[in-house]
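Scroll down for the structure; my scribbles are underneath it.
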Amino acid sequence: MASKSEETRTNQKKYWEGKLAERIAFLTEKGEETPAVNKDTAVKMLKAKIRKGNARLRSIAEMAKKIDEKAARKAEKLAAPKPEKPKKKVAADEAPPEESKRQQKKKQKKEKKEGGEQ
C-alpha cells in the first residue's frame, strides 16, 4: 500500500525529480534536442510519477486541512454554552391531575365498602 505520509511523498517526489534531471542530462549530453527529450518514454514516465506525487501531496494536504477544520469546529462546539432547557415545575397551587374513570370507580367501590363495614 502506498504511503500516506507527507514526508515520504516529498522524498519520493525529490527522488523522481533527481532521476528526471539525470535522464535529461544524459540525453542532452548525447546530443538530443529539447523536442526529442520531451518525447523520450523514460522522461514521460518520470514526469508522470512526479505529477502523481504532486496529486497525492495535494490530497494529503486537503485531508490535513479537513482534520484541522473538524478539530476547530469540535473545540468551538465544546466552548459554546449549552442552551438551557426549561424545567418543569409543579406549582403547589395547581390541583392534582384529574383521575381517570377507572380510578374514580375504584375509589367509589372502596368508599362503599368502608361505609358498609362501619
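The values are calculated or read from the model by the stated rules, or taken from the named source; none is laboratory data. From a predicted model like this one, the values you see are computed outputs, not experimental measurements. Every residue, glycine as well, gets a Cβ built from its backbone with ideal geometry; the counts of neighbours run over all protein chains shown.
Only one of 98, 22, 32 is assigned to a loop (DSSP other than H, G, I, E, B) and either aromatic (Phe, Trp, Tyr) or surrounded by 10 or more Cβ atoms within 10 Å (Cβ to Cβ) (or both). Can you tell me which?
Values: 98 fails: either aromatic (Phe, Trp, Tyr) or surrounded by 10 or more Cβ atoms within 10 Å (Cβ to Cβ) (or both); 22 fails: assigned to a loop (DSSP other than H, G, I, E, B).
Only one candidate qualifies: 32.
Restricting attention to the range 84-92, does a residue exist that is exposed (fewer than 13 other Cβ atoms within 10 Å of the Cβ) and acidic (Asp, Glu)? Lay out the reasoning, then the answer.
Initially, the range 84-92 is screened for residues exposed (fewer than 13 other Cβ atoms within 10 Å of the Cβ), giving 84-92.
With the extra rule that they be acidic (Asp, Glu), the set shrinks to 84.
Looking through the range 84-92, at least one residue is exposed (fewer than 13 other Cβ atoms within 10 Å of the Cβ) and acidic (Asp, Glu).
Taking into account only those residues within the range 1-37 that are hydrophobic (A, V, I, L, M, F, W, C), within 46 Å of the chain's Cα centre (by Cα) and farther than 12 Å from residue 60 by Cβ, which is modelled with the lowest pLDDT?
As a first pass, look at the range 1-37 and keep what is hydrophobic (A, V, I, L, M, F, W, C): 1-2, 16, 20-21, 24-27, 36-37.
After this cut, where a residue has to be within 46 Å of the chain's Cα centre (by Cα) as well, the list is 1-2, 16, 20-21, 24-25, 37.
Retained after the next criterion (residues that are farther than 12 Å from residue 60 by Cβ): 1, 16, 20-21, 24-25, 37.
Numbers: 1: 49, 16: 96, 20: 95, 21: 95, 24: 93, 25: 93, 37: 90.
Among residues in the range 1-37 that are hydrophobic (A, V, I, L, M, F, W, C), within 46 Å of the chain's Cα centre (by Cα) and farther than 12 Å from residue 60 by Cβ, the one modelled with the lowest pLDDT is 1.
Do we have residue 50 as at pLDDT below 95, surrounded by 10 or more Cβ atoms within 10 Å (Cβ to Cβ) and touching a helix residue (DSSP H, G or I) at 6+ places or on another chain (Cβ under 7 Å) here? Steps first, please.
Numbers: at pLDDT below 95: no; surrounded by 10 or more Cβ atoms within 10 Å (Cβ to Cβ): yes; touching a helix residue (DSSP H, G or I) at 6+ places or on another chain (Cβ under 7 Å): yes.
No.
Output the residues belonging to the range 67-83 that are of a type outside the set (Gly, Ala, Ser) and exposed (fewer than 10 other Cβ atoms within 10 Å of the Cβ). Full working, then the answer.
Taking the range 67-83 as the starting set, the residues that turn out to be of a type outside the set (Gly, Ala, Ser) are 67-70, 73-74, 76-78, 81-83.
Those that are of a type outside the set (Gly, Ala, Ser) and exposed (fewer than 10 other Cβ atoms within 10 Å of the Cβ): 76, 77, 78, 81, 82, 83.
Tell me, please, whether a residue that is assigned to a helix (DSSP H, G or I), over 15 Å from residue 6 (Cβ atoms) and modelled with pLDDT under 95 can be found in the range 78-85. Spell out how you get there, then give the answer.
First pass over the range 78-85, keeping only residues assigned to a helix (DSSP H, G or I): 78-79.
If we keep only those that are over 15 Å from residue 6 (Cβ atoms) too, we end up with 78-79.
After this cut, where a residue has to be modelled with pLDDT under 95 as well, the list is 78-79.
Yes, the range 78-85 contains at least one residue that is assigned to a helix (DSSP H, G or I), over 15 Å from residue 6 (Cβ atoms) and modelled with pLDDT under 95.
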